[in-house]
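Before any comments, here is the structure.
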Amino acid sequence: MKPLLIACDFDGTITQRDALHVIVDQYGERDLWATLGPRVRRGEMTVEQAMQEEFSRVRATAAEVRAAVRERAPVRDGFHDFVAWCEEHGHRLLVLSNGFRSIIEPVLADAGLERLEVVSNDARFGADGARLVWSDRGPRCLLCDRPCKRQPLRERWNGERLVYVGDGISDRCASLLADVVFARDGLAEHLEESGVPFVPFGDFHDVRAALADPAGVRT
């Protein structure tokens, strides 16, 4: 197999639960996403606008937030083995997230995976609410009319066969660049409704097995 570029979402993909939802549930307004999520899906507001609304109400220190995520959003089964398999076979693994570096990097460090490349936004937590720090993602995407994950992915793509692994709204546009998409939860529902082929997965053992099987996913 030729080397791949594997772009992998963090919240709800690498982690068993969405770390952002964990933070909001514990330190913000619980269940606010139940109101905001449908508005995002209808195109009435962007993911970023919804996140800003959620996190403006989060009252916690960075240490408190990291502790909550460590306890309630552990790394998904098989991810360590998947990283080792990528490194053994020369595949580039990119953590491409709409979440926060100040959360992602400690979680990866706890798992001994701080060497992974992370592309994400960030947040500053405090008693007056969280301030979100958006990364520069270039011009607005022609598909979703917002700066999304497509541009940073394109910037790191050297023409390899591209694999995308994700679960949510922020993965929709970037996943359409991929030769193979592994999807679960909201991303899987969206791709199925759109008629876009994808491979469902439960954990990273599933992803590794599918990519490693010559008779399985074509890469």
Which angle from 0 to 90°, rounded to the nearest 10, does the C-alpha axis of helix 79-89 make with the longest principal axis of the chain?
40
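For segment 1-140, what is the Kirkwood estimate of the hydrodynamic radius, computed as the reciprocal of the mean inverse distance between distinct Cα atoms, to one decimal in Å? Before the final figure, lay out the partial values.
Numbers: mean 1/r = 0.0629 Å⁻¹.
Hydrodynamic radius (Kirkwood, Cα only) of segment 1-140 equals 15.9 Å.
Filter the GluC sites (Glu not before Pro) in segment 34-67 to those in DSSP coil with at most 13 other Cβ atoms within 10 Å of their Cβ, and list the result. It would help to have the intermediate numbers written out before the result.
Working: sites: Glu44, Glu48, Glu53, Glu54, Glu64; in loops: Glu44.
Sparse-neighbourhood loop GluC sites (Glu not before Pro): Glu44.
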Dipole in debye (nearest 20) - the chain, about Cα centre, beta carbon charges: Lys, Arg +1; Asp, Glu -1:
540
Relative to the first principal axis of the alpha-carbon coordinates of the chain, what is the inclination of helix 101-110, with its axis defined by its Cα atoms, in degrees from 0 to 90 and to the nearest 10?
60
Local charge sum around Leu108 (other residues, Cβ-Cβ under 11 Å, Lys/Arg +1, Asp/Glu -1)?
-2
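For Glu160 and Thr61, calculate 0.36 nm times their separation in residues minus their Cα-Cα distance, and state this gained length in nm to one decimal.
Details: separation 99, 0.36 × 99 = 35.64 nm, distance 4.06 nm.
That works out to 31.6 nm of additional length.
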Have a look at Gly159, Gly43, Pro139 and report the one farthest towards the positive end of the charge dipole of the chain, computed about the Cα centre with Cβ charges (Lys/Arg +1, Asp/Glu -1).
Pro139
Can you give the FRET efficiency for Asp179 and Gln49, using 1/(1 + (r/R0)^6), R0 = 35 Å, r = Cβ-Cβ distance, to the nearest 0.05?
0.65
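Of all the Cα-Cα pairs you can form in segment 69-219, what percent are over 28 Å apart? Could the numbers behind the result be given before it?
On the way: 2301 of 11325 pairs.
Of all Cα-Cα distances in segment 69-219, 20 percent exceed 28 Å.
Each reported figure results from applying straightforward, stated rules to the coordinates on display, with no laboratory input. Fair warning: this is a prediction, and the values are worked out from it, not measured in the lab. Counting neighbours? That spans all protein chains shown, and the Cβs are built from the backbone with ideal geometry, glycine included.
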